[in-house]
Structure formats: C-alpha cells, structure tokens
Amino acid sequence: MNVGRPVPRAGSGAQESYAPELLYATFNQDYGCFAIGTQTGFRIFNSDPYKEKMRREFKDGGIGMVAMLYRSNYLAFVGGGRNPRFPPNKVMLWDDASSKIIAELEFRSDVLNVQLQRDRIVVVLRNKCIVCSLEAKPRHLHAFETADNDRGAMAISGGSESGILVFPGRQKGHIQIVDLHSCINLSGTQDTASPVAVHSPTAPQQAAG
C-alpha cells in the first residue's frame, strides 16, 4: 500500500520533512515476508517472527513501489519519493542476487500498481491493466481496458498454482475476472452495484472510479 504523504512542490514553503521515509509497504504472496519502499531504497522483513532480512540503500533516489515474487531474489520497482530513483512510468525488474536491474518496462503514463506472479507481471495504469511475461525480455501479452482507476485497484490470487486476476471493469461498479496465464476473461464483467474496492494485504486498499 502507498503509505507516503504527498510530497510538497518546490517553492511551496512546506518543510521537506513533510515527506516521510516510508513510501510503500506490501506483503509477498504467502504473507511470510513484506517489503517497504523508502526515500533511499527498500527493505524486506520476515513477518513472524518479525525480523529485518535485508536492506538496500541507493544514493540516487527512492523506491515508491516494490513487489516481491514469493521469497525469490526477483523484485519489481517503481521510483518514488522526493527524488525517484526510476521514472514513474517504468517498472524495473531487480535481481537481488546480482544487485542489478535485469529488465524494464516503459509505459505512456504513470504506473499505479505492479504485482508479480510466477511467470507474469501485472501492471496497472489509470485506464488499463496490462499483463506481461516475467522473463529476461518481458513480452506484452494482453491489455484490458478499465474504468478510471486512479488508485491502481487490482488483486491476484496468492496460491503458487493459482492465477486469478481481478480488476475494475470498463464501467464503474463492474469488475473483470481473468485467468492470468491464458488471459481469458472468465466471467465477463460482474456488477457489484457499487464502486469497486480492493482489500488485500498484497495490494493497496483502494477504490476504483
């Protein structure tokens, strides 16, 4: 979830300390670990017992969004904070074993949510949910149009053998349920009779529309 307060614009007169160090927090798929993005890098913690497992500090900017792939060495980043390390319209795939970026995905608008699942990367833009392959050279597999989704609402089933993706439909109050691996829409749009909200430890708590 996005836990950072808005960063004041330069010259606004607001104190720089208004922007906290902690920008983002999210669990991995089995909730055994969680990651946080900060103004200077990222950290990973074990959930129970609570313990910091690792941290990476960068000299050139913050991580506004981080996604884990179970307990593997692969993570996805989006820059954020006072001085973003990466552009807000890019998803960077990080291999912590080699401490370097191994691939990147660039979009025409800011990335609002990103999640990893087995061999897939799911990226949410304001009016699209995009599925790409998770590999050294990610391939664009499918793009689903959505209603205005300014908070990046999206959820993926957490089981290692599961691949169910849920995100807003094209109309406010509708959702789409998709098989993540085949990109087949399982049930069309489902009318919820109210604005869609996501309440998941692996995604921001958000409302669409």
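The values are calculated or read from the model by the stated rules, or taken from the named source; none is laboratory data. Bear in mind the structure is a predicted one, so any value in this text is a computation, not a measurement. Each accessible area value is taken on the protein alone, full model and side chains, heavy atoms only, with ligands, DNA and RNA left out. Shrake-Rupley method; radii C 1.70, N 1.55, O 1.52, S 1.80 Å.
Under 26 Å of direct C-alpha separation, and excluding same-chain neighbours fewer than eight residues apart, residue 100 reaches these lysines: 51, 53, 59, 90, 137. Sequentially through segment 172-179, phi angles give Karplus couplings (6.51, -1.76, 1.60; θ = phi - 60°) of 4, x, 10, 10, 10, 10, 10, 6 Hz, Gly and Pro residues having no value and appearing as x. Straight-line reach from residue 172: which lysines fall under 20 Å, measuring Cα to Cα and dropping same-chain residues less than 8 apart? By straight Cα distance, residue 172 reaches 128.
Heavy-atom accessible area for residue 26, with the other protein chains in place and a 1.4 Å probe, reaches approximately 10 Å². Counting heavy atoms of the protein chains alone, residue 95 has an accessible area of about 20 Å² for a 1.4 Å probe.
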